[in-house]
Amino acid sequence: MENQEEKGLSIIELFNLLLKNWLLIGISTVLIAAVAGVYAFVVATPMYESKSDIIVQVESSSELGYDYTTALRLVPSIAEFMKKVLDDVIETLNLETQMSTAQLRSGLTVTSSNTTFFVYVSYVSDDPELSQEIANQIVASARKIANENETFSSFKDKISDPTTVAKLGVQTSPNKPLLLIIGVLLGGILGVGIVLVMELTNNTYRTKEELEADFNLQVLGVIPSFEVKEEF
């Protein structure tokens with residue numbers, strides 16, 4: 001049996017094998033694609049993202065009007081500071097019964113760059129209107145606390161009005177077309193895998209050459225397959 005196990009499939013044999021089992025592969029593809037479709041369109045909760053951004057600006061007594069070096073140094077600190085105003089956001093929007101500070105933080109992303117004066121704020125929620133309100137309020141709360149709280153006096157008048165006002169949240173997930181494509185690919189791969197496993201575990205001899213090679217015997221005759229037609 002060792003010789004038989006060592007034999008492989010040629011490309012033509014593999015193609016014929018897959019063609020012979022096209023129905024199994026097709027059923028597998030359709031089933032997995034259907035599961036992916038149900039998840040994408042029924043099970044998965046749509047998530048929406050709203051974005052806003054501000055500029056860090058530091059006034060200067062020089063003719064340039066702004067101290068760009070100081071502003072650039074403040075950008076990372078202000079980006080971090082904007083993550084600390086969540087309690088004020090919850091209180092202002094009356095979200096105490098809807099979410100905790102930790103839950104609010106989980107949907108928030110604040111980023112900045114070492115080469116620009118911009119701080120970018122984005123918020124993801126299952127409610128497009130709420131994502132818009134929170135993104136805008138984070139900027140408003142940061143400006144208010146920076147300008148009114150002595151603890152953060154170093155940020156006073158450094159945070160500009162929003163250069164981009166958050167709009168109604170745009171759906172970011174689930175990516176329905178991508179999930180369907182993945183479902184089709186996985187279904188096809190699964191179907192091909194099942195066919196190959198069935199072939200590899202099949203020890204049936206199909207030709208006299210296989211028998212002669214494995215048992216080192218000469219086959220004297222082969223009974224052909226035929227159909228018997230009954231006459232009445």
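The values are calculated or read from the model by the stated rules, or taken from the named source; none is laboratory data. Given the structure is predicted, the values throughout are model-derived calculations rather than measurements.
Just a few scattered comments:
- Selection within region 173-218: residues that are small (G, A, S) and part of a helix (DSSP H, G or I). The member of this set that is farthest from the chain's Cα centre (by Cα) is A213.
- Residue match in region 134-141 (condition: at pLDDT below 95 and either among the small types (G, A, S) or over 18 Å from V58 (Cα atoms) (or both)): no
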